[in-house]
1. Let me have the relative contact order for the chain, percent, based on Cα pairs under 8 Å that are six or more residues apart.
2. For region 233-300, state which trypsin sites (Lys or Arg not before Pro) are in a DSSP loop and have at most 14 other beta carbons lying within 10 Å of their beta carbon.
3. With a length cut of 24 Å (Cα positions projected on each helix's long axis) and a Kyte-Doolittle mean of at least -0.5, go through the chain and give me the DSSP H helices that pass.
4. Checking the table Lys179/Lys277; Lys125/Lys295; Lys186/Lys277; Lys133/Lys186; Lys21/Lys159; Lys133/Lys295 against a 24 Å threshold on Cα-Cα, which pairs fail?
5. If you wrap a convex hull around the C-alpha atoms of region 88-198 and split its volume per residue, what is the figure in Å³?
6. When the Debye formula is applied to the Cα atoms of region 19-133, each taken as the same point scatterer, what base-10 log of I(q)/I(0) results at q = 0.10, 0.18, 0.20, 0.21 Å⁻¹?
7. Give the cysteines in the chain for which no other Cys Cβ lies under 4.7 Å away, or write none if there are none.
8. Counting other Cβ atoms within 10 Å, keep those with at most 16, restrict to DSSP loop, and tell me which GluC sites (Glu not before Pro) in region 52-112 are left.
Amino acid sequence: MLKPDNPNAFTRSPLDRAGLKRGDAAWIEASISEPDSRLVPFSAHRPFVTESDGVVAPGWLDGGAQRLFGDGATLFLGLDAEQVPHFAFEVSDEAQLADIGRFDDLRALGPLLSREDLAILGPAKSVFEWHAKSRFCTNCGARSVIVEAGWRRDCPDCKTEHYPRVDPVCIMVPTFGDKVLLGRQKAWPRGMHSALAGFIEPGEAIEEAVARETLEEAGLVVREVRMHSTQPWPFPHSLMIGVLCEVENDRETVDTTELESARWFTREEARLLIAGKHPDAWAPPPFAIAHQLLKTWAAE
């Protein structure tokens, strides 16, 4: 069971993934057509949503809709508390559903959807994007086929099994005394500052990756790493591993190939960032793990 106190979006899904059902092709086929089943369309990795009185929600369709609109991959998402199957499926013609809703970018929807909705839609986006990039076997080059209710691809020639990709990323806020360092990239909107981050390399422990990335990006030596939480981040298929790390001094040397700049903020300034009241800087929104890392440190 997931930790109930995980503060991050895209976690704590209300669905039981029911992995043992994925291999039962007959059950999957029957469930997709059940009237009570719930199906959400995707197009170009964007979920279908509806909006009523300013409230945005996934555009769930009844069972059988996949036969009417679906011509791409289908993914079994899991069972809810009432054992109702939930699926996601790809469509190529968005116009078919234009009268009742829209397809929208999941990152843009982040602040608008509920925690539960994000936890359901996030895996679907990641897996559909993986399918789009993994049509051919990496072992022999033959075209692979979708199996296990969308959670695996098999090569019919060499029998290699391929599973959805997950990229581990360490994301950290370096602290020194009563100050925290945040970086910014040139492409970001003016004033935005966030945590440092980098991919974990093969054969590297999380703590080692934190120390390496902090040294590479900011020239700071880490002396202590404290785990905070994790966040599946479906852009496209990362697992963010959030930490607070104490560094030896506040004399940063920014690698400008990675960051445009970096800036130290006091704890009070960090609280202003979290509240959106800082005069010339702002932090990522609450659905990003960087926000939660900064919020935890600011409250200590």
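Each reported figure results from applying straightforward, stated rules to the coordinates on display, with no laboratory input. As the structure is a prediction and not an experimental result, all values here were calculated from the model. Heads up, the Cβs are rebuilt from the backbone with ideal geometry, glycines too, and the neighbour counts pull from every protein chain shown.
1. Averaging sequence separation for qualifying contacts and normalising by length gives 17 percent for the chain.
2. Passing both the DSSP loop test and the Cβ count: Arg251, Lys277.
3. Flagged H segments are 115-133.
4. Beyond 24 Å: Lys125/Lys295; Lys133/Lys186; Lys133/Lys295.
5. Looking at region 88-198, the number lands at 200 Å³ per residue.
6. -0.27, -0.91, -1.13, -1.24
7. Cys170, Cys245
8. Glu82
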